Amino acid sequence: MKLRSPWPAVVLALLVGASAFPFYWAILASFTPEARLFRDPSLLPSGLVLDHYRALFTERSFWLPIRNSLIVAGTTTIFCVTLGALCAYALARLEFKGKTLLLGSILAVGMFPQISVVSPLYLMLRELRLINTYPGLVLPYLTFAMPLTVWLLVGFFRQLPGELEEAAMVDGAGRLRAFWEVIVPVALPGIATTAILTFVYSWNEFLFALSFTLGPERQTVPVAIALFRGQYQVPWGQILAAAVIATLPVTLLVLAFQRRIVQGLTVGAVKG
Amino acid sequence: MRGAERQPGIEQQEARIAWTLVLPALLTILLVALFPLLWTAWESLHLHDLRMPWLGRPFIGLQNYGEALSDPRFWGSLGHTAFFAVTSVGLELIIGLALALALNRAFRGRGLVRAAVLIPWAIPTVVSALLWRFMFEGQSGIVNALLVDLGVLREPIVWLIDPVAAWVPVVLADVWKHTPFVALLLLAGLQNIDTSLYEAARIDGASAWRQFRHVTLPLLRPAILVALIFRTMDAFRVFDLIYALTGGGPGTSTEPIALYTFNALLQNLQFGYGSALSVIVFLITFCLALVYIKILGADLTGGRR
């Protein structure tokens, strides 16, 4: 295609600008003194301060929700990727009756609206005295994370050539050893992508974290930010500083693994 | 796929291994998803108000559903959800398609573009809601300042206290966050189209528009449908975005069904009624999925077993 029309470049420049502007504005505001936030907003930085970030960690103990989020998202990811890999291997590479139905049902569960299981999960966690605890968040997170991991991993395992473990099995290895010694190492990039996506989804989750925690001691980052209150007015400076911090880990992950993430997203959806 | 003939004994053995591998994940899903879903349905047939424990939990049949059907706030929230889904998904598809076409043509700066589209997608929805709320906040947020400066507005609008204007930041925030995802899906679809088709069309003298209309669109149909499915179902359960942006307000004028359900459950502690609303949300999403699978089934599984 030798059509050198300028519009693709223009569209893309607009796109990058539109994607970036809210971030630029939030980052700028997070360094701007509260008193100047809404007075003559200027697009260029001037007189920046670190007050909001300092207040976040001294007045609001913002490290608490960060720690909670890391624990909950990390545990969910490890649990789902471990069990999900076994399940996905069987679904992708073994022959057995009911396979298609099983895969379809797992996908269907992944599409449940979260709100439709909030009431029983709440009653269940209350009965087990797990409201406002880490297991009380990890358990509900499995409802969406487990189907997601299985679905993505099935996509990745299917892409591997079929002769892989057959060669190992001819050499006398059993199914499980072939899986562990041949498939897992080869599929490691796919497994890592799945882990990243599961982590990002769990880090970002809001509804369950809002429903099943009671106070700051177990709130995750998104819940903590959404519930920030000031004494007299909305503490925008601190909210935006917290937003910048909450965005940081996922942004770094995305930037480091962007090619793989795009692959993961499209493997699951388009070719699925 | 696999050509090798197998003996029945080996097949049985393989099935046994397969089920052993599947079981842990499957049990987890049954325990945390399927079982609660059935429980919601059962709960929805009871009067269960956690504020009034002395009432117990009597079985009342379909009364909760009757109450929902005559509840104006329920119908309102359903209307808001549908309005939100149609506007935001519509905009996302149109803009996403334009972006995908441009991305497919561009040879330089793909890495930058990919990062620019992925980051809004990857950040917590609550955060994107707050970024947009900040830009539309009060009289002197940046949006008002820019629009007044450019002469679009004579005087600032207080967006978030107007029942109609409050939708603007809500829809914009959703479009901002999800268009990248749509564009990526459509781009993957575009890259699967055989370029020789375009050459053939050009040789036949087809204009760019006709090529788009008769080659690109039909071949992109599966990808468009997939994007449509994912986005509509997502839009129908919208919660985080509106909770953090407008809180459903002013009043209840931007309250979607998931937020109303959440309020019934965890604000008013009406577990029976809230569960009935949950079941309704589930059934609507389920029907949407069925319709889509029916349309898509013909498209996607046609070539495959």
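Quick look at the values:
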read-out: Segment B:218-247, subset among the small types (Gly, Ala, Ser) and touching a residue at least 24 places away in the same chain (Cβ under 8 Å), residue nearest to B:SER77 (Cα to Cα); value: B:ALA235
read-out: Output for segment A:83-98, where each listed residue is part of a helix (DSSP H, G or I), more than 8 Å from chain B (Cβ to nearest Cβ) and farther than 15 Å from B:ILE29 by Cα; value: A:ALA92, A:ARG93
read-out: Of all residues making up segment A:107-118, the number that are at the interface with another protein chain (Cβ under 7 Å from one of its Cβ atoms) and touching a residue at least 40 places away in the same chain (Cβ under 8 Å); value: 3
read-out: Residues that are farther than 11 Å from B:ALA145 by Cα and over 32 Å from the mean Cα position of the chain (by Cα), drawn from segment A:38-55; value: A:LEU44, A:SER46, A:GLY47
read-out: Residues (under 29 Å from the mean Cα position of the chain (by Cα) and without any contact (Cβ under 8 Å) to a residue 60 or more places away in the chain) located in segment B:124-143; value: B:VAL127, B:LEU131, B:PHE134, B:MET135, B:PHE136, B:GLU137, B:GLY138, B:GLY141, B:ILE142, B:VAL143
read-out: Identity of the residue in segment B:32-64, part of a helix (DSSP H, G or I) and more than 25 Å from the chain's Cα centre (by Cα), that ends up surrounded by the most Cβ atoms within 10 Å (Cβ to Cβ); value: B:ASN64
read-out: Single residue of segment B:269-283 satisfying the filter (part of a helix (DSSP H, G or I) and of a type outside the set (A, V, I, L, M, F, W, C)) that is nearest to B:PHE239 (Cα to Cα); value: B:SER278
read-out: Residue check for B:PHE286: surrounded by fewer than 24 Cβ atoms within 10 Å (Cβ to Cβ), without any contact (Cβ under 8 Å) to a residue 12 or more places away in the chain, assigned to a helix (DSSP H, G or I) and at the interface with chain A (Cβ under 9 Å from one of its Cβ atoms); value: yes
read-out: Pairs, first closer than 11 Å to B:ALA115 by Cα in segment A:251-266, second among the small types (Gly, Ala, Ser) and surrounded by fewer than 18 Cβ atoms within 10 Å (Cβ to Cβ), C-beta under 9 Å, six or more apart; value: A:THR251/B:ALA115; A:VAL254/B:ALA115; A:LEU255/B:ALA115; A:PHE257/A:ALA192; A:GLN258/B:GLY111; A:GLN258/B:ALA115; A:ARG259/B:GLY111
read-out: Leading residue by the ranking (farthest from the other protein chains (Cβ to nearest Cβ)) among those in segment B:248-269 that are more than 18 Å from the chain's Cα centre (by Cα) and buried (at least 17 other Cβ atoms within 10 Å of the Cβ); value: B:THR252
read-out: Any hit, segment A:221-234, residues being within 19 Å of the chain's Cα centre (by Cα) and under 25 Å from A:ARG93 (Cα atoms); value: no
read-out: Among the residues listed as B:VAL158, B:VAL148, B:VAL152, the single one being touching a Pro at 6+ places or on another chain (Cβ under 9 Å), β-branched (Val, Ile, Thr), more than 9 Å from chain A (Cβ to nearest Cβ) and farther than 26 Å from A:VAL221 by Cα; value: B:VAL148
read-out: Test: B:PRO24 is at the interface with chain A (Cβ under 7 Å from one of its Cβ atoms), surrounded by fewer than 17 Cβ atoms within 10 Å (Cβ to Cβ), under 26 Å from A:THR82 (Cα atoms) and modelled with pLDDT of 80 or more; value: yes
read-out: Condition met for B:GLY96 (within 14 Å of chain A (Cβ to nearest Cβ), surrounded by 13 or more Cβ atoms within 10 Å (Cβ to Cβ) and either over 30 Å from A:VAL11 (Cβ atoms) or of a type in the set (Gly, Ala, Ser) (or both)); value: yes
read-out: Matching entry among B:ALA102, B:ALA115, B:ALA68 (being under 27 Å from the mean Cα position of the chain (by Cα), assigned to a helix (DSSP H, G or I) and surrounded by fewer than 18 Cβ atoms within 10 Å (Cβ to Cβ)); value: B:ALA115
read-out: Yes/no for A:GLY264 being out of contact with any strand residue (DSSP E or B) (no Cβ under 8 Å at 6 or more places or on another chain) and within 24 Å of B:ILE242 (Cβ to Cβ); value: no
read-out: Sole exception among (1) without any contact (Cβ under 8 Å) to a residue 40 or more places away in the chain; (2) within 10 Å of chain B (Cβ to nearest Cβ); (3) out of contact with any Asp or Glu (no Cβ under 9 Å at 6 or more places or on another chain); (4) part of a loop (DSSP other than H, G, I, E, B) for A:TYR232, by number; value: (2)
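Yes or no, residue by residue, for (1) under 27 Å from A:LEU197 (Cα atoms); (2) in a loop (DSSP other than H, G, I, E, B); (3) facing chain B (nearest Cβ under 9 Å):
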| site | (1), (2), (3) |
| --- | --- |
| A:LEU12 | yes, no, yes |
| A:LEU15 | yes, no, yes |
| A:ALA35 | no, no, no |
| A:LEU44 | no, yes, no |
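Per-residue answers, yes or no, for (1) modelled with pLDDT of 95 or more; (2) more than 7 Å from chain B (Cβ to nearest Cβ); (3) not in a helix (DSSP H, G or I):
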{"position": "A:PHE79", "(1), (2), (3)": "yes, yes, no"}
{"position": "A:THR100", "(1), (2), (3)": "no, yes, no"}
{"position": "A:SER105", "(1), (2), (3)": "no, yes, no"}
{"position": "A:PRO120", "(1), (2), (3)": "no, no, no"}
{"position": "A:ARG129", "(1), (2), (3)": "yes, yes, yes"}
{"position": "A:THR133", "(1), (2), (3)": "yes, yes, yes"}
{"position": "A:VAL138", "(1), (2), (3)": "yes, yes, no"}
{"position": "A:TYR141", "(1), (2), (3)": "yes, yes, no"}
{"position": "A:PRO147", "(1), (2), (3)": "no, no, no"}
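The values are calculated or read from the model by the stated rules, or taken from the named source; none is laboratory data. These figures come from a predicted structure and were not determined experimentally. Positions of Cβ are backbone-derived with ideal geometry, glycine not excepted, and every protein chain shown enters the neighbour counts.
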